[in-house]
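Peer 1: Sharing a structure below in structure tokens format, with a few things to ask.
The values are calculated or read from the model by the stated rules, or taken from the named source; none is laboratory data. Since this is a predicted model, take the numbers as computed values, not measurements. Here the Cβ positions follow ideal geometry from the backbone for every residue, glycine too, while neighbour counts run over all protein chains shown.
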């Protein structure tokens, strides 16, 4: 069993390293954006650990100027998908000890969800626990360290470097792969235009609500 | 900036509640289909709204000229990310486009 669990840990590390590399640019942008916004490095790293979700973290940093409630609402709406991931992955946690059912989900993000649901050899609870802890723990360690690195390097960047362009590019990079169906495109275009036209925090909130409402209306129309 | 730190920590706590909700607290699988569809749409809507707000730069009906580097970077990233897997290369290409245009 010990050898088998060691193999599971090694597999988790092998699966996670390329994923950690793929999210490093977002972590660097978040760190640099936080530094420019005056958020202390330890506080931003603590935020990276507890939120452990790039888009929501970036949402707070880029919308805090529009007010705390706006920033909180945007980030919470972005992270509401975690509820669905939680529901989807619940069978894997059903036979786990109580402590793990409370603490283990702290490592649940898009990447750990996708990595673990791609494997069919984690039915045994101890094996799943080892894989989840190694993959999620390593990913969180890399994430927090890279956010910290971005916070340190951010102030060293020349003033002309367009960090707002970096933040928008990262968000577009996360949005574009989701826009494969016309219905999602309608949701995205609505939300984008409303948020761009209306001022500040109001545009952000109304844009999100308008986009989701258009999606729900199209769902009803199609069914 | 204590407000930003407080919001970061609050989002962290709420995110953890989302994470444990269906595993430990309540069965989210019993959510009605309409609610699940709304949750599905919330993510692209939120991302797109943030893109829109970022493109506008915080101003209503923005003068597009100063925002051209951001717009160009977003456009390059969008085209590449839509066709490619992963976001590293599209984002780097978009950043390069934005940076080059900001030099002009």
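Peer 1: Looking at (1) more than 12 Å from residue B:23 (Cα to Cα); (2) within 11 Å of chain B (Cβ to nearest Cβ), which is the one condition that is false for residue A:104?
Peer 2: The one condition residue A:104 does not meet is (1).
Peer 1: Scan region A:82-101 for residues that are within 8 Å of chain B (Cβ to nearest Cβ) and in a loop (DSSP other than H, G, I, E, B) and jot them down.
Peer 2: none
Peer 1: Then there's this: Is region A:127-138 home to any residue that is part of a helix (DSSP H, G or I), modelled with pLDDT of 95 or more and more than 18 Å from residue A:89 (Cα to Cα)?
Peer 2: Within region A:127-138, one or more residues are part of a helix (DSSP H, G or I), modelled with pLDDT of 95 or more and more than 18 Å from residue A:89 (Cα to Cα).
Peer 1: Tell me the helices (runs of 4 or more DSSP H) entirely within region A:139-223 that contain at least 3 residues that are more than 20 Å from the chain's Cα centre (by Cα) and surrounded by fewer than 23 Cβ atoms within 10 Å (Cβ to Cβ).
Peer 2: Qualifying helices (runs of 4 or more DSSP H): A:182-197, A:200-222.
Peer 1: Which of the following residues is touching a residue at least 60 places away in the same chain (Cβ under 8 Å) and either under 16 Å from the mean Cα position of the chain (by Cα) or more than 7 Å from chain B (Cβ to nearest Cβ) (or both): A:46, A:75, A:9?
Peer 2: Going through A:46, A:75, A:9 in turn, just one is touching a residue at least 60 places away in the same chain (Cβ under 8 Å) and either under 16 Å from the mean Cα position of the chain (by Cα) or more than 7 Å from chain B (Cβ to nearest Cβ) (or both): A:9.
Peer 1: Still on this structure: Filter region A:82-92 for residues that are in contact (Cβ under 8 Å) with a residue 24 or more places away in the chain and either outside the structural domain of residue A:14 (by TED's automatic domain parsing) or crowded, with 18+ Cβ neighbours inside 10 Å (or both) and give the result.
Peer 2: Of everything in region A:82-92, those that are in contact (Cβ under 8 Å) with a residue 24 or more places away in the chain and either outside the structural domain of residue A:14 (by TED's automatic domain parsing) or crowded, with 18+ Cβ neighbours inside 10 Å (or both) turn out to be A:82, A:85, A:89, A:92.
Peer 1: Could you tell me how many of the residues in region A:94-117 are in contact (Cβ under 8 Å) with a residue 24 or more places away in the chain and under 24 Å from the mean Cα position of the chain (by Cα)?
Peer 2: 13
Peer 1: Kindly indicate the residue of region A:36-57 that is assigned to a helix (DSSP H, G or I) and modelled with pLDDT under 90 and also surrounded by the most Cβ atoms within 10 Å (Cβ to Cβ) among those meeting that condition.
Peer 2: Selected residue: A:56.
Peer 1: Do the conditions hold for residue A:116, that is, is it out of contact with any strand residue (DSSP E or B) (no Cβ under 7 Å at 6 or more places or on another chain) and surrounded by fewer than 21 Cβ atoms within 10 Å (Cβ to Cβ)?
Peer 2: yes
Peer 1: Taking residue B:79, is it surrounded by fewer than 19 Cβ atoms within 10 Å (Cβ to Cβ) and either modelled with pLDDT of 85 or more or at the interface with chain A (Cβ under 8 Å from one of its Cβ atoms) (or both)?
Peer 2: yes
Peer 1: Right, another one. Condition check: more than 15 Å from residue A:178 (Cβ to Cβ), modelled with pLDDT of 90 or more, out of contact with any strand residue (DSSP E or B) (no Cβ under 9 Å at 6 or more places or on another chain) and not in a loop (DSSP other than H, G, I, E, B). Does residue B:10 satisfy that?
Peer 2: Numbers: more than 15 Å from residue A:178 (Cβ to Cβ): yes; modelled with pLDDT of 90 or more: yes; out of contact with any strand residue (DSSP E or B) (no Cβ under 9 Å at 6 or more places or on another chain): yes; not in a loop (DSSP other than H, G, I, E, B): yes.
So residue B:10 passes the test.
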